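K.L.:
One structure coming up, written as structure tokens, with questions to follow.
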Amino acid sequence: MTFYATAVNDNESSPTSTNLRASTESVFDEDLDGHMISYAAGGRLITTARIFALNRLNFNAAYPYLIPKAVNYSAGFINYFFRGKLEISLPEAGVYALVDHAVESCKDDCGFRSIKLKVTNRTVSDALVSGELLAVVKFRRDQCYQPSLDNDSMPLTCRSPEEEIVVSRAIPIVDPIASDATREFQFTFDTPIPINATDVLLQAVFKGQLGSEIDAVAVGTRDISEPTFVSTFNDSDRVFVGGSCYTPQEIESRDSLWNQLGPECRDQNGARRVSASCANVAFNFRYAGGSTSQPILISTVYDGAGDNRIPPRSLARFAFLADGGAPVTYNIVFHNAPLYLPTDESTINLDTNRLGESLDGTLWGGTVSSHRGVKSSRPIYVIVDGETGSPAGGCPDGQLDALNANERVPIRSAITGW
């Protein structure tokens with residue numbers, strides 16, 4: 001085997017010595033056992049067992065040590081610069097976003113203009129010292145959405161092909177957030193999260209000083225529910241008697257029904273007429289949620305601000321974003337003298353609307369129910385039990401006629417505490 005290299009001869013009388021200070025072009029021959037090398041220098045043949053030179057054998061021997069170390073050091077740098085971790089959870093309000101669907105109903109341009117969430121700093125040992133925090137929402141659009149919710153369950157063709165994002169206004173971080181500490185924030189969006197959003201991903205992004213690093217980034221992501229629509233119906237144009245629902249006129253004209261009517265639902269002036277407290281009543285209705293420190297009220301009531309009760313044959317509707325897989329709990333407050341819920345408040349769990357994609361590419365979503373021809377993620381309906389004069393859960397949908405076009409538009413609710 002022949003090598004071309006640069007060799008030196010420091011002492012011509014000693015064939016085993018070399019000198020790195022003076023060099024001359026030489027030709028080397030390796031003997032068969034690989035231990036001795038001979039080379040010509042200055043017209044003389046020199047044989048030696050040692051030569052100071054780098055070749056492929058040196059590099060091949062170093063690779064098994066150097067490459068893993070380089071990978072380890074690179075991974076260490078990456079892990080350090082991306083060590084920032086945030087965790088997102090529900091705020092005290094119990095939902096991330098909440099709107100009155102009578103106000104925010106238009107396709108694409110209406111929706112959720114603020115989000116509340118809790119952020120936990122999960123960065124090990126390092127605080128979020130100073131900087132800014134933003135909320136980022138990634139989504140697609142349900143292109144089949146209609147404000148009346150008359151659209152069918154969303155097929156693949158209705159989901160917009162491209163993902164979009166909206167970014168909130170930045171919130172400055174002045175007081176450090178220690179490792180594993182949690183703080184609640186409310187973010188404002190100049191461009192709303194569409195009311196017809198789907199495939200919704202929520203992110204919290206911190207930019208600023210993390211520990212001693214000045215220009216760091218920390219991110220948290222959560223897959224949340226699609227908009228969930230809760231409709232509240234006033235079915236008091238019917239009265240519940242003998243296990244079925246009837247119009248007041250039917251009850252007044254049939255002895256078998258009139259005789260089952262309780263005194264609370266008979267006209268107090270002695271006329272054969274269903275009283276105004278049991279039929280065609282405008283309902284005061286409240287949903288109370290959140291926490292003791294941050295209560296949330298969604299109200300359709302008569303108060304000092306005016307009469308915002310739900311008229312008979314009408315509905316109110318609100319929409320929210322929350323965690324998927326866990327219901328949102330509210331207490332229903334129903335004060336309609338002389339009609340009250342037996343315990344003043346009744347707890348109700350509202351399942352969230354979730355969209356998923358099966359392995360074959362088909363979409364599945366939360367159950368969509370229909371009441372009186374109107375679709376909702378979760379319909380709530382109230383009718384008066386004519387035998388007891390108390391609110392009842394409602395009648396089979398087949399016993400009720402569908403609402404007319406103008407009756408299908410939700411009336412406005414008042415949301416306080418958001």
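Coordinate-derived values only; no laboratory data. Predicted model, so just to flag it, every value in this text is computed and none were measured. Positions of Cβ are generated from backbone atoms using ideal geometry, with glycine treated the same way; all protein chains shown enter the neighbour counts.
K.L.:
Could you sort the peptides 123-136, 162-175 by per-residue average Cβ neighbour count (10 Å cutoff), highest mean leading?
P.N.:
Final packing ranking: 123-136, 162-175.
K.L.:
Provide the FRET efficiency to the nearest 0.05 for the S291-D108 pair, computing r from the beta carbons and using R0 = 30 Å.
P.N.:
0.35
K.L.:
Something else now. Which order do W364, W418 fall in if you start with the one that has the fewest other Cβ atoms within 10 Å?
P.N.:
Numbers: W364 11, W418 17.
Taking fewest neighbouring Cβ atoms as first place, the list is W364, W418.
K.L.:
Using 7 Å Cα-to-Cβ label points, what is the S346/E162 separation (nm, one decimal)?
P.N.:
Result for the modelled spin labels: 4.8 nm.
K.L.:
Okay, next question. If r is the Cβ-Cβ distance from V174 to D223 and R0 is 35 Å, what FRET efficiency results, to the nearest 0.05?
P.N.:
0.70
K.L.:
Taking 41 Å as R0, compute the FRET efficiency from the Cβ-Cβ separation of S130 and Q260 and round it to 0.05.
P.N.:
The computed FRET efficiency comes out at 0.05.
K.L.:
Suppose a student asked you for the relative contact order of the stretch 197-261, using Cα pairs under 8 Å spaced at least 6 residues apart; what percent would you report?
P.N.:
That works out to 23 percent.
K.L.:
Multiply the residue gap between D360 and D397 by 0.36 nm, knock off their C-alpha separation, and tell me the result in nm, one decimal place.
P.N.:
Here the segment from D360 to D397 would lengthen by 9.9 nm.
K.L.:
While we're looking at this one, here's another question. How high is the relative contact order of the stretch 318-418, in percent, counting Cα pairs under 8 Å that sit 6 or more residues apart?
P.N.:
After rounding, I find 19 percent.
K.L.:
OK, next. To make sure I understand, if each residue's beta carbon is the centre and we count other beta carbons within 10 Å, what order do F185, F112 fall in, fewest to most?
P.N.:
F185, F112
K.L.:
If you don't mind, there's one more thing I want to ask. Which lysines, if any, have their Cα less than 26 Å from the Cα of K116, not counting same-chain residues under 8 positions apart?
P.N.:
Qualifying lysines at Cα under 26 Å: K85, K107, K138, K207.
K.L.:
What does a probe at D267 reach in the stretch 217-248, counting residues whose amide N is under 19 Å from the point 7 Å along Cα→Cβ?
P.N.:
237-240, 246-248
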